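> Please find one structure pasted underneath; my questions will follow.
Just so it is clear, none of the values below were taken in a lab; they were calculated from the coordinates. These figures come from a predicted structure and were not determined experimentally. Glycine also receives a Cβ, built like all others from the backbone with ideal geometry; neighbour counts cover every protein chain displayed.
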Amino acid sequence: MDVSGGRGQPRPGNDGSPDHTGPRPPAPDPSAHGPEHPRPPAAAGSAPADRPTGEHPEGTPEHPRPSDTTPGEPPEPTGGPTDEQSGRRSGVPAADGHAPSGPRPPSAGTGESPASAGGPGDERGGGRSSARSGGGQAGPPQRPQEKQRGGLLMGRPFGVPVYVAPSWFLVAILITWVFGGQIDRVLPELGAASYLVSLFFAVAFYASVLVHELAHTLAALRFQLPVRRIQLQFFGGVSEIEKEAETPGREFVLAFVGPLLSLVLAGLFYLGLLAVDPSSVPGVLLAGLMISNLIVAVFNLLPGLPLDGGRMLRAVVWAISGKPMTGTIAAAWVGRALAVAVLIGLPLLTQSGALGSDAVDNVGMDTVLDALLAAILAAIIWTGAGNSLRMARLREHLPELRARNLTRRAVPVETDTPLSEALRRANAAGARALVVVDPDGVPLSLVREAAIVGVPEHRRPWVPVGGLAQDLTDGMHVSAELAGEDLLDALRATPATEYLVVEDSGEIYGVLSAADVERAFVKAMARPS
């Protein structure tokens, strides 16, 4: 049977024409349901488990049973490409970094991927990017799920929301305790007030981390890369950038501005230190802020993902090879080597006294703490490098997600058509979805499989499809030409289980299931590069 076309009118060859790349129409299966009880078309959320979505061998029935699908909206991913949310981190001793957050499947219309600019965990993934303690891009309005995960909202500089994660308060307490003891030794006359001064230092330091992140954010906005949010957390900051830089030059600049700002801040604190007594409270604070910002800058300039230096190395290799994936692979493996070097080298340097402390011959509490810190930093760097590789692989395969390829064939039916008759027409046409149209053929709504499954077969001849359909909104009309990130962005903008796919001319092409897109998204993540 012809698929709907034009204003819901049948259009010959929608699935059978040579230029149609979507799923082939399945053959009806009378033996399973009989002529009077055709099997319901698989609505959004279903696809055969034994074949990739969109691949339907000729002559193979393609009407999954209700049990093959999960009614309702697909679950929101719990971290996938996205919350690998690669990003830039900046902090002490964490460095600052940034990374594009990876594209997210359209589940529930949410998703994000942080890239951080500033901490040892700075990573840049594919697709969307988040920068920890560094650059980001102004992104879409925050959804409730994102607000809950973001922590305490502190403000919206340049239109980008800034959140403080609960883990930051743990670090603030730790910094206050450690630095307060050092101030007490230098300025014993302060007494308990030394810890109040130390708390001020913790806040001022993270304010400088925020400045580092804002540098990445402003650069991203300058390059028209949306920034979803900035988050201050345990090991620094994260600027969640929505897209990846288009050229290696922009990638280099976006990565470099964070450490550059930290170096500038260190220089300003040094000039301020020259104007005060080093043994005074202002002198101690300025010295601490100068050293901490210098550490953040130097650490983030190390040439390995997910640090800013890794982004810069990636940009250089990208410019030489002409392939962003080659740059990502090189910088990620350098990052993994850096993680091993930090794990082994940092405790050895500390114990030998090379970092300014006294050499230690025996194993004490300080040695254990140094080893623990090295392990944490190494784990963050190693994980960030791996995330960057995964996100880059996803970006490489993302263009394969095309609305035209994933669309299900649909049959137009009017509102008062009995469900049994609509299913008969769908099976006869080899279609897997129903579009409710008005008498003029204008699409009004989409019938959801969950609603079909809920109607017993003996009642289907008396149930009109109009009562089982979901009204179409403007956001539920998707162009058949959309692909890759553009397709994911369109689906996330209007969360739904099904979308009406239309040609540029306005003709109905079919119905797109969010579950099919998510399945294809996951397959792209798992596919080797």
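> Would you report the distance distribution of C-alpha pairs in segment 364-465 as whole percents per 10 angstrom bin, up to the bin with the largest distance?
Percent of Cα pairs in each bin: 13, 26, 14, 11, 12, 11, 8, 4, 0.
> Roughly speaking, what is the stretch gain from Arg156 to Val178, that is 0.36 nm per residue apart minus the C-alpha to C-alpha distance, in nm to one decimal?
4.8 nm is the gain from fully extending Arg156 to Val178.
> Note down the nm distance, to one decimal, between modelled labels 7 Å out along Cα→Cβ at Leu196 and at Leu372.
My value for the distance between the label points is 3.0 nm.
> Hey, another quick one. Find the relative contact order for segment 373-497 and round it to a whole percent, using C-alpha pairs within less than 8 Å whose residues are 6+ positions apart.
So the answer I get is 28 percent.
> Mind listing the Cα extents of segment 441-529 along all three principal axes, in Å, largest one first?
If we take the Cα atoms of segment 441-529, the spans are 51, 32, 19 Å.
> Checking a compactness column here: for segment 203-245, what do you get for Rg(Cα) / (2.2 N^0.38 Å), N being the number of residues?
1.15
> Through the Karplus equation 6.51 cos²θ - 1.76 cosθ + 1.60, θ set to phi - 60°, convert the phi angles of segment 384-397 into ³J(HN,Hα) values in whole Hz; use x for Gly and Pro.
x, 5, x, 4, 4, 5, 5, 5, 5, 5, 5, 4, 5, 9
> Right, another one. Give me a comma-separated list of calculated 3J(HN,Hα) values for segment 325-332, in order, Karplus coefficients 6.51, -1.76, 1.60 applied at θ = phi - 60°, integers in Hz, x for any Gly or Pro.
Per-residue couplings from phi come out as 5, 5, x, 5, 4, 4, 5, 5 Hz.
> Label point 7 Å out from Asp277 along Cα-to-Cβ: which residues of segment 168-199 have amide N under 18 Å?
So the set is 183-191, 193-194, 197.
> Please give the peptides 198-206, 367-375 ranked by average Cβ packing (other Cβ atoms within 10 Å per residue), highest first, as a rough proxy for protection.
Descending packing order for the listed peptides: 198-206, 367-375.
> Still on this structure, please answer the following. So what's the convex hull volume per residue for the Cα atoms of segment 235-317, in Å³?
Spelled out: Cα convex hull of segment 235-317, divided by residues, is 95 Å³.
> Return the distance in nm (one decimal) between the two label points of a simple spin-label model at Val442 and Glu400, each offset 7 Å from Cα along Cα→Cβ.
Distance between the two pseudo-spin positions: 4.1 nm.
> Under 5 Å between amide H atoms, partner at least 5 residues away or on a different chain: which partners does Glu498 have, H built in plane at 1.01 Å?
So Glu498 has HN proximity to Ala514.
> Which order, highest average first, do 328-341, 446-459 follow once you tally other Cβ atoms within 10 Å for each residue and take the mean per peptide?
Highest mean packing first, the order is 328-341, 446-459.
> Rg (Å, one decimal) plus Dmax (Å, integer) for the alpha carbons of segment 172-217?
Cα-based Rg and Dmax for segment 172-217 come out at 12.7, 42 Å.
> Return one quarter of the surface area of the convex hull spanned by the alpha-carbon atoms of segment 373-529, equal to its mean projected area, in nm². Kindly include the intermediate steps, with their values, before the conclusion.
Working: hull surface 48.7 nm².
The directionally averaged projection comes out at 12.2 nm².
> Please list, short to long, the whole-number percent of alpha-carbon pairs of segment 272-356 in consecutive 5 angstrom bins beginning at zero.
3, 14, 14, 15, 14, 12, 11, 9, 5, 3, 1
> Same structure again: If r is the Cβ-Cβ distance from Glu481 to Glu189 and R0 is 60 Å, what FRET efficiency results, to the nearest 0.05?
Approximately 0.25, to the nearest 0.05.
> Calculate the FRET efficiency for Ala204 and Glu246 from the Cβ-Cβ distance with a Förster distance of 45 Å, rounded to the nearest 0.05.
Computed FRET efficiency for Ala204 and Glu246: 0.80.
> If R0 is 25 Å, what FRET efficiency do you get for Thr494 and Val522 from their C-beta distance, rounded to 0.05?
Between Thr494 and Val522 the formula returns 0.75.
> Pop out the ³J(HN,Hα) list for segment 469-486 in order, Karplus 6.51 cos²θ - 1.76 cosθ + 1.60 with θ = phi - 60°, rounded to Hz; leave Gly and Pro as x.
Those phi angles translate into 9, 9, 4, 7, 10, 4, x, 8, 9, 10, 6, 5, 8, 5, 7, x, 4, 4 Hz.
> Amide H to amide H, which residues 5 or more places from Arg408 or on other chains are under 5 Å from it, using H placed in the peptide plane?
Val511, Leu512, Ser513
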